[in-house]
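What follows is a set of notes on a single structure, which appears directly below.
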Amino acid sequence: MINEKQMRIIGIAHNWAIALLLILGILLFIFSLISGSETYGGGLSGLIKNSPNSIPWIVLLVLVIIARKNYAWGGFLLLIFGGMITYYFNFRGGNFFITTLIFCLTVVFLSLVILFTGATISKYKKENELR
């Protein structure tokens with residue numbers, strides 16, 4: 001049985017994981033949108049032409065919003081997404097960068113935190129409803 005202090009710590013860990021994924025997703029979205037736009041001439045037209053590079057990070061932001069509302073599905077979808085981007089960005093081509101691996105594994109780790117803390121919070125709420 002979980003007491004109130006443990007639940008508070010679990011809730012803090014859950015909220016921190018969601019906040020970190022949200023910050024990471026926003027930063028990576030902005031970086032991916034801006035970083036290649038100079039190849040296409042820069043400016044607004046360069047941003048628009050480079051916008052497909054930011055699609056994975058838009059998906060990450062949508063999944064974080066889902067995880068905020070629904071712990072189990074959001075955490076599970078984030079875990080699948082983290083595994084897919086880890087494979088795609090690190091092991092699918094000839095390029096391997098340790099920083100990319102760290103970012104991808106951070107998504108996987110934080111999704112596991114969201115999944116397990118969300119499951120614990122849901123179980124705690126159900127136990128307290130029965131009392």
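The values are calculated or read from the model by the stated rules, or taken from the named source; none is laboratory data. Owing to the predicted nature of the structure, the values given are computational and were not obtained by experimental measurement. Surface areas here come from the heavy atoms of the whole protein model, side chains and all, with no ligands, DNA or RNA. Shrake-Rupley method; radii C 1.70, N 1.55, O 1.52, S 1.80 Å.
Mind checking the angle between helix 55-69 and the chain's longest principal axis? C-alpha axes, 0 to 90 degrees, to the nearest 10. Roughly 10 degrees between the two axes. Sorted from greatest to least, the principal axis extents spanned by the alpha carbons of the range 1-88 come out as 60, 22, 20 Å. In the chain, the longest principal axis of the Cα atoms and the axis of helix 4-35 are about 10 degrees apart. Divide the volume of the convex hull around the Cα atoms of the range 26-131 by the residue count and you get 96 Å³ per residue. When a 1.4 Å probe is rolled over the protein heavy atoms, the share of accessible surface on the chain that falls to carbon and sulfur comes to 72 percent. The residues of the chain expose, per residue, 65 Å² of accessible area to a 1.4 Å probe.
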